[in-house]
Structures are given as C-alpha cells and as structure tokens.
Amino acid sequence: MAKKIFKLDTPNTSYIMAVVDDGSFLGHVYYGSKLEDYDIAYLLRTQEAPFVPSVNGRDRCSFMDSFPVEYPGHGVGDYRDGCIEVLSATGHRAVNLSAVSHRIYEGKPELASLPATFGGKEECTTLEVECEDAAIGLNVTLSYTTFEDVDVITRSVHIMNASSKELYLTKVLSACIDMDNREFERITLHGSWARERNIQREKIGYGKYKVSSLRGEPGHQNHPFMALVTEGTTQETGEVYAVHFVYSGNFMVQEEVNQFDSVRLTIGINPDDFSWKLAPGKGFQSPEAVLVYSDNGIGAMTRTFHDLYRNHLIRGEYRDKKRPVLINNWEATYFDFDTDKLIAIAKQAAELGIEMLVMDDGWFGSRDSDNSALGDWKVNEEKLKGGLDFLVKEVNRLGMKFGIWFEPEMISPDSDLYRSHPDWAIAIPGREPALARNQYVLDLTRKEVRDYVYECVAKILRSANIEYVKWDMNRPLSDIGSACLPADRQGEIYHRYVLALYELQNRLIKEFPYLLLENCSGGGARFDPGMLYYSPQIWCSDDTDAVERLSIQEGTALIYPLSSIGAHVSDCPNHTVGRVTPFETRGYVALAGTFGYELDVTKISEEERNMIPDQIAMYHKYNDLVRRGDYYRIASYQENHLYDCYAVVSKDKTEALITYIQVLNRPNVHSRRIYVKGLDSNRKYLVEGGEKAYYGNTLMKAGIPVEDVWGDFKGKLYYLRAVE
Ligand code: GLA
C-alpha cells in the first residue's frame with residue numbers, strides 16, 4: 001500500500017511518486033499530461049504479491065528489478081543502471097535508499113557553487129524528499145521544483161555523509177525517470193568541430209544507449225540532452241519526455257530498456273573517472289537536471305525550454321536587451337593585425353552602422369600564431385602601438401563599443417607562465433600530457449592558479465573601457481592529474497575544474513556587471529545551460545557558412561532561445577567549407593541569433609559593403625521579435641535536404657517573421673508553400689509587401705506560396721503583421 005503520495009503539478013503536466021511498503025521505497029508513478037486524480041499508486045501494482053517485498057520476501061530481487069524507482073541505488077537486486085554508487089570504508093558499493101521525510105516550500109533555493117534555474121516565491125514550489133541508507137550512513141535529499149509559468153520540473157540531489165567514516169561517491173546522477181516503453185523514439189544531438197548539435201532520431205530497443213562526455217566539457221560531439229518521443233511525434237503532435245543538464249563538464253544521459261519493456265532515462269555527471277571523497281558530516285551537491293514533458297509535440301518542448309532559459313536561467317544586464325551589432329576580427333585578420341588595421345576596420349564598420357569592435361585572439365604576449373603565449377595576458381605593444389587604452393579610446397571615439405577575447409583556462413608550453421609554473425598544467429606525473437592546439441589546460445582546481453587567471457583578466461578589463469568579453473576554451477581536458485591533490489582526490493578533478501570555472505565567471509560578472517559576456521569553446525563545444533547562467537550568449541560554431549549553420553542552428557534552437565545563439569555574417573568562400581553563398585542569405589541566417597560580422601569590411605566588395613546598412617536595419621527591425629518570440633519550426637533542411645523554414649511569432653501573436661532558405665533550387669516545384677505556424681486563427685495578417693490581409697487560419701492551413709526565389713542558397717523573409 002502506498003503510504004504517501006506526492007503530486008507535482010505544472011500548468012499542463014503532473015508528476016506523481018509514492019512511498020510504499022513502510023517507507024522503504026520511493027516509486028515513480030506517473031509523469032505526463034495533467035491529471036485530476038492524485039492517488040494513482042495502483043499503477044505500482046503493490047497489491048500483487050510478487051511486487052511487494054514484505055509479502056514476498058523470498059523473491060525480493062524480482063521486485064527490485066521491476067519496480068519503477070524514483071532515484072535508484074545500486075547492487076541490491078535492481079540490475080538496471082542506477083543513479084548512485086558509494087564506496088564505503090568497508091569496501092562495499094551498494095546503496096539502497098528509503099524515504100524518511102519531506103518538506104514543501106515556496107520558491108527555489110540556489111545550488112551551492114553551481115548554476116541553476118531560478119524563480120521567486122510566487123513562481124516556484126519546491127519539494128524535498130529526505131532519503132537514507134542506514135547501512136552506510138548516507139542521507140540523500142531529492143529536490144524537485146515546479147514552475148507556475150512553464151511546464152518544467154527541475155531536479156537535483158544533495159548527498160550527506162551521516163556516518164563516522166569516509167565515503168567515496170563514485171556515481172551521483174541528478175535525475176531518473178522509470179516509465180513504460182511506449183515504442184519510443186530517441187532524439188539526441190551530435191556533431192564535431194564546426195558541425196555541432198545536428199539532430200539524430202532513432203527508435204529505441206532493448207539494451208542501453210548512452211550519450212556522454214569525458215572531455216571536461218560537453219564537447220562538440222555530444223550534448224547533455226535526450227528526448228524520448230512516442231512513435232511518429234511531429235512538431236505539433238505526440239508525447240515528448242526531454243531531459244537536459246545544467247552543467248558544463250562530463251555528463252551522461254542514458255536510456256535503458258529492460259526485460260519488462262520498461263525504460264529508464266537517467267542524466268547526470270559522467271561516473272567514469274569520477275569519485276568524490278566525502279568526510280563525515282560533509283555534503284555533495286549534484287548539478288540540476290531539467291525535465292520537460294509535452295503532449296503537443298517537439299515544438300511545444302522547444303518553446304518551453306526557450307521560456308525557461310530566457311526567464312529563469314539567463315541573467316544580467318543584457319538578458320532582455322538587444323545586443324550591439326559587433327564585428328569580430330578573427331576571420332578578418334586571424335593573428336595578423338595591429339592598431340592601424342583594427343582602427344581601419346572600426347572606421348569603416350562605424351560608417352556602416354556596426355556598433356562594437358571585438359579584438360579576437362593574438363593581442364597579448366608573443367601570440368603570433370596558436371603555438372604560444374596562452375597564460376601571458378599582457379598587451380603586446382608591438383602590435384597595439386600606444387597600448388590597449390589608446391585603441392579602445394579610438395574605437396569609442398568612432399561611436400563604437402570595444403570587446404576583447406580571452407582564453408583564460410589555458411597555458412602554452414611556449415609561454416612565460418609555463419616556464420615559471422610548469423606544474424600549473426593539468427598532467428599526470430611521469431607522463432607527457434597530450435597537446436591539443438599546442439596547448440595544455442591550467443589546473444584551475446588550485447586556488448593560486450584561479451587567482452592568477454582572474455587577476456590577469458580583471459587587470460585588462462580595469463585598464464580600459466571594455467564592454468564585451470569573449471571567453472574561449474579551445475581544447476578538451478586530458479591526462480587528468482593535479483600536482484596538489486592527494487591520491488584519493490584525483491578523481492575529483494573534472495568536477496572541481498567545472499566548479500572553478502563557475503567561480504571565475506561568477507567573480508567576473510560580479511566585478512564587471514555591465515559586461516556582455518559571450519562564452520565560446522572552439523565554436524560551440526561548451527554550449528550548455530550551465531554557461532548560459534553566466535553569459536546570455538554563446539558562440540554557436542566556428543562554422544559560419546550559411547548552409548552548415550542551418551543544421552547547427554536548428555539543433556541548437558531545439559533547446560536554446562535564439563537570443564543566446566552567437567551568429568555572424570562572414571566572408572566567402574567560407575573559411576571552413578569553401579562555399580560561396582549570397583551576402584543577403586548569410587544575413588538572413590545570422591538573424592536567427594545575436595547577429596554580427598566576422599570579416600574585413602575594408603576588403604569585401606563594394607556591393608556587399610553597401611548591403612550592410614540594410615542588413616543592420618533589418619536586425620534592428622526584427623530583433624525584439626526574434627529574441628522574445630515563440631519559435632516554430634516549419635521545415636528542416638536536415639530532413640528534406642532542400643530548404644529550411646522557421647517562424648518566430650510574438651507572444652501576443654500580432655507579428656511574425658518567417659525565414660525561408662532555399663538551399664537547392666529545383667525546377668517546377670510550383671506547389672511549394674509555407675504553412676505558417678503559431679498565428680491566431682481568427683485574426684487577419686498582412687504579409688509585408690502584399691495588399692490583402694488573410695486570416696491566420698488561412699495562412700496556416702492553406703499556406704503562402706514560395707515565389708521569386710530563384711537559384712541555390714537563396715533566402716527570403718516574410719514579415720506578417722496582424723491588421724485586425
Ligand atoms: C576559437 C574560437 C574562434 C576564435 C579562435 C581564436 O576557435 O571559436 O572564434 O576566437 O578560437 O583562436
């Protein structure tokens with residue numbers, strides 16, 4: 001019999017769990033569309049003898065292996081992968097949790113040292129379920145928060161060593177959902193450098209499917225996200241169970257279908273190469289997992305994530321603001337620049353209406369290529385004659401803001417820093433650590449290293465009127481070892497590194513709250529909700545080709561609001577793929593992000609240069625809508641290999657912007673139409689440039705014919721305004 005039922009409601013969903021069998025087991029009962037009933041613990045089948053350990057003690061294993069568990073332990077008869085494993089002083093690894101008490105309160109507490117979604121007392125309700133494993137002296141608090149305005153449940157876990165001996169945590173995941181497998185399909189995001197977050201969808205089967213990272217960051221390759229969707233789910237129909245992880249380091253997300261056709265979906269810190277020593281009385285806080293359920297298809301899931309991240313995760317001065325149109329000199333000059341060159345670019349850019357110059361890699365130490373000087377954060381006055389302050393003032397005199405690039409977490413072997421502190425690099429004694437881009441990673445787990453890094457960055461920022469920082473990270477971690485941690489704490493390095501990164505960024509935004517911070521990692525290797533807590537935008541990919549960006553930005557926008565997606569117009573032939581696309585099209589694609597330029601405006605053709613003021617006007621006209629509106633995917637180039645189309649509709653449904661990109665033209669497809677989404681059926685809309693207004697219903701059901709788009713790589717915007 002269920003002893004206690006917990007029912008968590010969001011505007012359209014319910015999440016139910018039950019304590020059964022004298023508090024011994026916390027079972028997962030239901031997650032899905034909102035229900036009226038709350039006591040539906042009959043689903044746990046606890047009346048039937050085989051499923052109740054107290055009635056059928058001789059076969060407890062069967063119970064353990066089939067019971068849908070809220071937060072499964074390890075090693076006591078449940079043979080599915082669990083959420084927590086602990087190495088005790090006696091050398092045993094089992095964990096079995098019982099629910100002992102609970103607490104419900106308004107609001108949502110911060111997570112110590114970790115980024116997390118937030119909400120006030122009127123916006124959120126939190127449930128904490130206290131669990132314990134009396135055999136090893138472990139207390140585990142499961143936290144759940146619901147939001148009033150979005151269909152989201154966030155979960156995290158706090159572990160406390162209540163014993164008198166040291167314990168070692170070897171696995172601590174943040175969330176689990178045990179469900180029946182209803183012929184689910186799985187959606188995940190995959191890629192590589194310059195090809196991040198492409199969407200993969202497959203039917204699930206028996207066994208386990210895991211997506212993970214051991215790179216010390218989520219990486220270009222995988223993303224801490226998984227959605228299980230009922231068969232045939234579309235943008236508008238079908239059920240979606242999505243999990244996402246607010247964390248910027250090693251993660252795992254896994255679905256496992258077992259012999260009973262139930263599926264276990266888990267997400268958390270990757271347990272590989274993880275261990276955490278917990279002294280008596282000490283605690284460990286897991287990062288947060290975000291759960292989204294939709295019974296209106298993938299589109300509703302997307303809009304829920306966008307609203308959650310825009311309203312309950314992103315912070316700071318720029319969170320709701322239009323970002324300045326920037327020009328970044330990376331693809332324009334690479335390492336070959338000086339004050340004169342930058343000022344020439346800035347002058348031309350200012351005349352065209354560009355609002356900020358960002359000086360990328362190469363301004364410090366002896367950094368003339370990517371082979372040296374990371375760690376030597378002193379202005380190279382050979383290149384920047386007159387110093388940084390002079391350059392910034394000149395740029396400001398042109399009416400532009402100034403931004404700068406750093407890669408604070410790194411150290412080049414050829415640097416003054418490495419020559420004086422070789423032990424500051426992450427390395428295993430007796431092994432030559434592997435280089436990537438000819439650099440090592442700094443051991444940020446050491447306070448003196450963090451302080452050095454912070455002071456380097458802060459000193460530069462204090463020295464001139466710098467209003468933007470691009471914080472880069474251009475290699476994954478490897479050869480994990482810290483010169484300062486004892487043997488039994490080396491397993492903590494990956495997580496300590498992420499905590500150190502958060503501490504650094506926290507210090508930065510506290511001292512410089514006016515800064516526009518853009519995170520970056522060789523493009524989009526660390527595009528995750530953890531980093532979004534510190535920076536309202538993240539550089540999406542080093543691939544700025546308009547066609548490649550369609551897939552990268554579609555995958556990114558599956559979860560992330562367009563306001564957070566760094567996107568620029570760059571030069572052609574594109575530096576990554578050599579493709580030539582029209583300048584207008586590059587502008588349309590960059591519009592679905594923060595918008596800027598990544599080229600030498602003094603060198604492009606007159607014709608292209610002349611298009612920039614109009615492109616910027618377009619950005620100013622549409623950006624409020626793009627940043628704040630609801631995103632609707634209409635067609636996917638990833639799927640049809642021909643064209644891409646999406647709309648952003650204002651929350652009040654009075655305006656909409658549709659972006660149509662025709663990658664490949666085809667003769668005689670006169671019947672191609674855009675079936676608009678998200679409009680108000682009963683209002684009339686005028687398509688800008690047209691003469692007659694039509695009901696939203698007509699534009700959605702009968703569509704808009706695609707006309708006047710001739711050639712490959714061509715695009716067109718349709719701007720709709722409600723007239724009645
Ligand atoms: C990374 C970034 C680029 C650029 C270079 C500089 O690759 O993603 O945008 O800043 O580093 O080295």
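A few remarks follow.
- Helical content alone sets the calculated 222 nm signal of the chain at -6000 deg cm²/dmol, taking -39,500 (n - 2.57) per DSSP H segment of four or more residues and averaging over every residue.
- Dipole magnitude of region 326-628, debye to nearest 20 (Cβ charges: Lys/Arg +1, Asp/Glu -1, about Cα centre): 760
- What you get for the chain, charging only the Cβ of Lys and Arg (+1) and of Asp and Glu (-1), is a dipole of about 520 debye around the Cα centre.
- Dipole of the chain [Lys/Arg +1, Asp/Glu -1 at C-beta], most positive-end residue of Y622, L313, N665: Y622
- Listed pairs K347/K393; K651/K684; K208/K277 exceeding 19 Å between Cα atoms: K208/K277
- Take the Cβ atoms of R93 and S671, set R0 to 56 Å, and the FRET efficiency comes out at 0.35.
- Amide H partners (placed H, <5 Å) of Y597, local residues excluded: L326, I327, N328, V569
- Theoretical FRET efficiency, 1/(1+(r/R0)^6), r = Cβ-Cβ of R319 and N396, R0 22 Å, to 0.05: 0.35
- Net length gained if the chain between K651 and D680 were fully extended (0.36 nm per residue, minus Cα distance): 9.4 nm
- Net length available on complete extension from K447 to K165 is 98.8 nm, with 0.36 nm assigned per residue and the Cα-Cα distance removed.
- By average C-beta atoms within 10 angstrom, highest first, the peptides 675-681, 57-63, 223-229: 223-229, 675-681, 57-63
- Here the scattering of region 630-669 is modelled by Debye summation over its C-alpha atoms, one equal scatterer each and no solvent; at q = 0.14 Å⁻¹ the log10 of I(q)/I(0) is -0.37.
- Cα-based shape type of region 536-629, given that a ≥ b ≥ c are square roots of the gyration tensor eigenvalues and the cut on a/c is 1.5: oblate
- Farthest positive-ward along the chain dipole, Cα basis, beta-carbon charges - from L391, S605, I634: I634
- Prolate/oblate/rounded call for region 462-536, Cα gyration tensor, a/c under 1.5 rounded: prolate
- Accessible surface, 1.4 Å probe, highest first, among residues S66, S564: S66, S564
- The chain - convex hull of alpha carbons, volume per residue in Å³: 160
- Classification of region 5-312 by its C-alpha gyration tensor yields a rounded form. The axis ratio a/c (a ≥ b ≥ c) stays under 1.5.
- Per-peptide average of other Cβ atoms within 10 Å, ordering 332-344, 152-164, 370-382 highest first: 152-164, 370-382, 332-344
- Taking only the Cα atoms of region 619-724, the radius of gyration and Dmax are 13.5, 38 Å.
- Inter-label distance for R437 and S463, nm, one decimal - labels placed 7 Å from Cα along Cα-to-Cβ: 2.2
- Peptides ranked, highest mean first, by Cβ atoms within 10 Å: ranges 112-118, 604-610: 112-118, 604-610
- Taking N as its residue count, the alpha carbon Rg of region 198-266 over 2.2 N^0.38 Å: 1.19
- Other residues within the sphere of radius under 11 Å centred on the Cβ of G530, judged by their own Cβ, net out at -2 (K and R +1, D and E -1).
- With q set to 0.10, 0.11 Å⁻¹, the log10 of I(q)/I(0) for region 326-628, from the Debye formula over equal scatterers at the Cα positions, is -0.55, -0.67.
- Furthest towards positive pole of dipole, T117, Y168, Y247, structure part region 5-312, Cβ charges: Y168
- Expressed per residue, the C-alpha convex hull volume of region 332-474 stands at 101 Å³.
- Other residues with beta-carbon under 9 Å from the beta-carbon of S174 carry, at +1 per Lys or Arg and -1 per Asp or Glu, a net charge of 0.
- For region 387-539, size of Cβ-based charge dipole, Lys and Arg +1, Asp and Glu -1, in debye: 300
- Taking one quarter of the surface of the convex hull spanned by the alpha-carbon atoms of region 138-239 gives a direction-averaged projected area of 9.8 nm².
- Label-to-label distance, nm, for residues given as R579 and N506 (7 Å Cα→Cβ offset): 4.2
- Exposure rank, largest accessible area first [E166, E110; 1.4 Å]: E110, E166
- Over all pairs of different C-alpha atoms, region 411-470 has a mean inverse distance whose reciprocal, the Kirkwood radius, equals 13.0 Å.
- Exposure ranking of W330, W363 by accessible area [1.4 Å probe, largest first]: W330, W363
The values are calculated or read from the model by the stated rules, or taken from the named source; none is laboratory data. The structure presented is a predicted model; accordingly, all values stated were derived computationally and were not measured. A quick note on method: Cβ atoms are made from the backbone with ideal geometry, for glycine too, and the neighbour counts reach across all protein chains shown. Calculation scope for accessible area: heavy atoms of the full protein, side chains included, ligands and nucleic acids excluded. Shrake-Rupley method; radii C 1.70, N 1.55, O 1.52, S 1.80 Å.
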